[in-house]
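The values are calculated or read from the model by the stated rules, or taken from the named source; none is laboratory data. Note that the structure is a prediction, hence the values are computed from the model and not measured. With ideal geometry, Cβ positions are generated from the backbone for all residues, glycine too; neighbour counts draw on all protein chains shown.
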Amino acid sequence: MTSDIKMTSDNRGSKTQLTTSTLTLKASDWEKNLNVKCRVIQPCNNIHEETVIILEPVVKTPTVEIRRPLEGDSAVLECSARDLPSGEVSVTFLTNTGHQFPEVTYVDLPRGQSTLITRFTIPTTHQKKEHSFKCKVQQSPSKLWQSTSTGYIFGEPSVELLMVPNTGKTDQTLVCYGTGLNPTITWKPTSVETAKTVMQAADGRVKVSSQIIVRQLKWNEAEEYTCQVTDQRKSVQKSISVCTASEPITPLIILRKPRLAAAKQGSEQITATCSVEAAPNTKVSWLLNGNVKEGSTSQPVDKPGSKTQLIISTLTLKASEWEKHQNVQCRVKQPCSSEHQETVNILDVPVKTPTVQIRRSLADVLKGEYTVLECSARDLPSGEVSVTFLTNNGHQFPEVTYVDLPRGQSTLITRFTIPTTHQKKEYSFTCKVQQSPSKHWPSGFTGNIFGESSVELSVVPRNPDSEAQTLQCYGTGFNPKITWLAGSTEKNAVAQETTMQADGRVKVSSYVTVPLDEWREGVVYTCKINDFSTVWKSISDCKVGEHLAQPPQQYLWGPSFTVMKSDGRAPVTCLVIAHKVKDFTITWRVENRVTSQDVIQEFPRNHNNGSQSVQSVLMLSEQLWDKYDVSCEVKHRCMKKAQYVNISKIRDPKRPTVQVFKPSDSDFSDSHDSTLLCLITGFYPADISVHWGLNGRKLPASRWNNSPLGSHSSGREFSMHSALTLPESEREHGAFSCIVEHQSSPNPIISTVDSIHASVINSVPAVELMQARDELVCLVYDYSPSVINITWLLDGVKVPHKHTTRPAKGPDGKFSVKSQLHVLASEWAPGSKYTCLVQHVTGSSTQNISKEEIIEQNIYYNENLSDAIIEDTAEETWNMACAFIILFLLSLIYGCSVTLVKVNTARPARPFHSRDFK
């Protein structure tokens, strides 16, 4: 590079010259180069050169700190750096907001010097509590090192007041710490400092401390001491006293109320005690029902390892005074705390009415302590109670037990041994729990625990599948023992159990298992109870009485006459239903004579309800059944008297009335099966047989269904019905018969119907046209089905007619009908023709009549009228000629009419038929 050379004068006394050379570059260029070299060339010598590093390398990372000097101006900061490289560096101060102060200090560190301290006075504009500060040492734009920030050195002052722990028996030391820019400490009340320190905190704030000593007496008087810290014309303070310096102590108060047992034992003075564990200088006082009473307090005793003292205070009054008050209160006042108190009721009020029971304990009996009683009470109030035992005659035993129940315990059990003087059968016992003369709760009485023993013996219901019978014995007494005897032989029990009854008597139970065969043989078993005296009971199968409480059900019925008719024998059946039918015997008597011949007895049957049944059948001849009474006698093996039922053949049977009802035409016309109904009424006895036949052939039983029997209120007549199904798919023709067999008739009673399908089979009607006086009659008959239409025509023209009857059904199932047309002879013109037009499903037919025709005079019988109608002559010219004939006919018709009226009153009306007119 080219440099500027400036020559100077010769050095005096030397052959050398001083030459100065400079190299000028831009600052940015210098930053790009690490070193610079100056080279010197003398005319007669080698080249000489000198090199310097523009930026010295960093050997160790420099450390930069910012701090305040403890002495001098409080607004001066120091930037201290170490391990810096030699050469020129700059020092700059900044705030926490990023503001950089313009005052920059440049220092050229010579080689070998690596430390630097630079001071900076904070301008008043930045002496504010929200500012903190830091400094930066920079070698080049790319190499710089910063300190951490100071604290808020102009921030608010702070105070901390502490108490130095001690045993409580020496003077108390208090230490106050103040922190700020330049804080000072003042004590209230004014106290002499025993120690004072000033130190610089790492954050640049000053921390001062002051210590004073307070005398123990003053400290325990709870006087308050205040430490005030002043900084930058601002003050903060804290106060402390014995009350605030220590944690509050909750006193432990144990109040023992006066023992009422002492009053009952005649003591004059009774004392209540209040034990208090609390802070020193605690005061104890007494209140009785809210009134202050003077007590006696002992000297406090320090409790080792604690800041508390034990204080015992007592309140002593006469026994009579205690009885007058409900509660007593011990009040405790600590120096730095509110009052605490403990109250106890002299007589606590029970929340629930106490329950008192007297009993004997089974555990005591099993241990051999037979005469011990327990008095058990629950829901008792806390406090002292007495327990007393008494007898049923009012004697109170002198042994009185006093129990002080703690709070939360409401139950009590007291034991008492009955003296031998009172171990007698006439005594029962009770106990009484007493709180005061006016408050006591008695128990009920025990039974007469020393009374006579009792025994109960019973049979346990047996499982039908079991081959053994279990017997159960209960014994009750003071201490009963059970012994079993089978006959006169002692028998071991299967199981024995002992329980205690509510009345204090012991109940023992014992079981024995007896083989079923032995039991049914009637062996007598005895249960013996041994106690103060011996009692026993015996039992056997026949003494149980189960069969007496449940008599057998007995049913007896005679032979069916159909069986007799087919077999020639008369079986009489006796059915017995009982719990155990094997215990019963069945005996037959014919005319009061026992018979065992021709007797068939079935095996017993078991039923779901636990009962059994057996059936015995006596086969008699028909002659014996017709002649004699028969009885079935049933007797239990343990009963002396038998149960029997009699039966005999009915001597006055009633013959049934049998009627068969055909189905209606609508039943046949519908597409389903129809039914023939046979009604059988008024028969006695109930034994009856009903079946159906067709053309003399018996129909299968699946075709008909017989109803149950129904009886009249008198019970002497029965009725039933039988329904025969007629399949719709197949129409059977012929005579259907309902055939009834009954004792009242030696032959079957038969009711028959024929042509049941005739009313629905197409039959061509027969038509006859007849003339009467002033009318024409068209008679249509022997047709089916019943639907038909009759129309009158005069010379082919339809004319209204007088009346057409409803179709009438005849016994053969076919129908007949008639139609009447009113015609006056004077209005009937010669040559005119009347026509009866009949329209039916089978076709149409007509019958004509004209005035020119000579017709046979006919009469017809109108069944709606009981008189005969005289046939009118065809023409008036014939009247004279036929007068004699007409008079004869009138007399004949009169006689026939009287006869027909009598017949019609005896039978229902029947439909018209052509023969009625001939």
- Task: Can you give me the number of residues within region 357-381 that are of a type in the set (Gly, Ala, Ser) and crowded, with 17+ Cβ neighbours inside 10 Å?
- Result: 3
- Residue check for SER689: more than 26 Å from GLY813 (Cα to Cα) and part of a strand (DSSP E or B): yes
- Item | So THR226, is it among the hydroxyl-bearing types (Ser, Thr, Tyr), surrounded by fewer than 14 Cβ atoms within 10 Å (Cβ to Cβ) and over 60 Å from the mean Cα position of the chain (by Cα) | no
- Message: When the residues of region 427-455 are narrowed to those that are of a type in the set (S, T, N, Q) and not in a loop (DSSP other than H, G, I, E, B), which ends up modelled with the highest pLDDT?
- Response: THR430
- Item | Test result for GLY831, in a loop (DSSP other than H, G, I, E, B), crowded, with 18+ Cβ neighbours inside 10 Å and at pLDDT below 85 | no
- Note on the structure: Among residues of region 689-727 being of a type in the set (Phe, Trp, Tyr) and within 57 Å of the chain's Cα centre (by Cα), the residue nearest to SER674 (Cα to Cα) is TRP704
- Query: When both residues are 6+ apart or on different chains and their Cβ atoms are under 6 Å apart, which pairs have a first residue that lies in region 118-139 and is in the same structural domain as GLU65 (by TED's automatic domain parsing), and a second that is part of a loop (DSSP other than H, G, I, E, B) and surrounded by 19 or more Cβ atoms within 10 Å (Cβ to Cβ)?
  - Reply: GLN127/PHE154; LYS128/PHE154; LYS129/PHE154; LYS129/GLY155; SER132/THR150; PHE133/THR150; LYS134/SER147; CYS135/SER147
- Considering every residue within region 411-424, establish whether at least one is within 48 Å of the chain's Cα centre (by Cα), on the phi > 0 side of the Ramachandran plot and without any contact (Cβ under 8 Å) to a residue 60 or more places away in the chain. no
- Message: Looking for something out of contact with any strand residue (DSSP E or B) (no Cβ under 8 Å at 6 or more places or on another chain) and not assigned by TED's automatic domain parsing to the domain that holds ALA279 - is there at least one such residue anywhere in region 172-184?
- Response: no
- For region 703-718, the count of residues that are at pLDDT 90 or above and over 27 Å from PRO571 (Cα atoms) equals 1
- Item | Residue selected from region 233-246 under the condition surrounded by 16 or more Cβ atoms within 10 Å (Cβ to Cβ) and in contact with a Pro (Cβ under 9 Å, 6 or more places away or on another chain), by the criterion modelled with the lowest pLDDT | VAL242
- Have a look at GLU31, GLU49, GLU56 and point out the one that is out of contact with any helix residue (DSSP H, G or I) (no Cβ under 9 Å at 6 or more places or on another chain) and modelled with pLDDT of 85 or more. GLU49
- Task: Examine region 588-606 for a residue that is loosely packed, with under 13 Cβ neighbours inside 10 Å and of a type in the set (Ser, Thr, Tyr), and state whether such a residue exists.
- Result: yes
- Message: Quick check on region 490-521: of everything there that is in a strand (DSSP E or B) and in contact with a Lys or Arg (Cβ under 8 Å, 6 or more places away or on another chain), which residue is surrounded by the fewest Cβ atoms within 10 Å (Cβ to Cβ)?
- Response: THR499
- Note on region 834-877: residues part of a loop (DSSP other than H, G, I, E, B), at pLDDT 50 or above and polar (S, T, N, Q) are THR842
- Query: Scanning for something touching a Gly at 6+ places or on another chain (Cβ under 6 Å) and within 30 Å of GLY568 (Cα to Cα), does region 645-652 turn up at least one residue?
  - Reply: yes
- Item | Scan of region 336-349 for residues that are outside any strand (DSSP E or B) and surrounded by 16 or more Cβ atoms within 10 Å (Cβ to Cβ), ordered by number | SER337, ILE346, LEU347, ASP348
- Considering only region 76-102, state which residues are in a strand (DSSP E or B), of a type outside the set (D, E, K, R) and more than 16 Å from GLY151 (Cα to Cα). SER80, ALA81, GLY87, VAL89, SER90, VAL91, THR92, GLN100
- If you take the residues of region 479-489 that are at pLDDT below 90 and outside any strand (DSSP E or B), which of them is surrounded by the most Cβ atoms within 10 Å (Cβ to Cβ)? GLY487
- Task: Could you check how many residues of region 380-402 are assigned to a strand (DSSP E or B) and either among the aromatic types (Phe, Trp, Tyr) or within 23 Å of THR446 (Cα to Cα) (or both)?
- Result: 10
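Residue-wise test of (1) of a type in the set (Val, Ile, Thr); (2) modelled with pLDDT of 90 or more; (3) assigned to a strand (DSSP E or B).
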site: THR585; (1), (2), (3): yes, yes, yes
site: TRP588; (1), (2), (3): no, yes, yes
site: PHE603; (1), (2), (3): no, yes, no
site: LEU618; (1), (2), (3): no, yes, yes
- Item | LYS207 being at pLDDT 90 or above and either in the same structural domain as PRO335 (by TED's automatic domain parsing) or closer than 30 Å to LEU109 by Cα (or both) | no
- Note on the structure: Residue pairs within 8 Å by beta carbon, gap of at least six or interchain, first lying in region 597-608 and of a type outside the set (Asp, Glu), second surrounded by fewer than 11 Cβ atoms within 10 Å (Cβ to Cβ) and part of a loop (DSSP other than H, G, I, E, B), listed first then second, are ASN606/PRO464
- Message: Condition first: outside any loop (DSSP other than H, G, I, E, B) and not aliphatic (A, V, I, L, M). Can you find one or more residues in region 161-170 that meet it?
- Response: no
- Task: Just name the residue that is surrounded by the fewest Cβ atoms within 10 Å (Cβ to Cβ) out of those in region 109-134 that are at pLDDT below 90 and in contact with a Gly (Cβ under 8 Å, 6 or more places away or on another chain).
- Result: LYS129
- Message: Cβ contacts < 7 Å: first residue surrounded by fewer than 14 Cβ atoms within 10 Å (Cβ to Cβ), restricted to region 299-312; second residue not in a loop (DSSP other than H, G, I, E, B), any location; separation 6+ or different chain. Result?
- Response: VAL301/GLN309; VAL301/LEU310; LYS303/GLU277; LYS303/GLN309; LYS303/LEU310
- Query: Is it fair to say VAL433 is surrounded by 14 or more Cβ atoms within 10 Å (Cβ to Cβ), farther than 16 Å from ARG378 by Cα and among the aliphatic types (A, V, I, L, M)?
  - Reply: no
- Kindly establish whether SER566 is closer than 30 Å to GLY451 by Cα and exposed (fewer than 14 other Cβ atoms within 10 Å of the Cβ). no
- With VAL780, VAL823 as the choices, which residue is closer than 20 Å to HIS840 by Cα and either within 60 Å of the chain's Cα centre (by Cα) or of a type outside the set (S, T, N, Q) (or both)? VAL780
- Working only within region 565-583, note down all residues that are part of a strand (DSSP E or B) and more than 14 Å from GLN643 (Cβ to Cβ). ARG569, ALA570, PRO571, VAL572, THR573
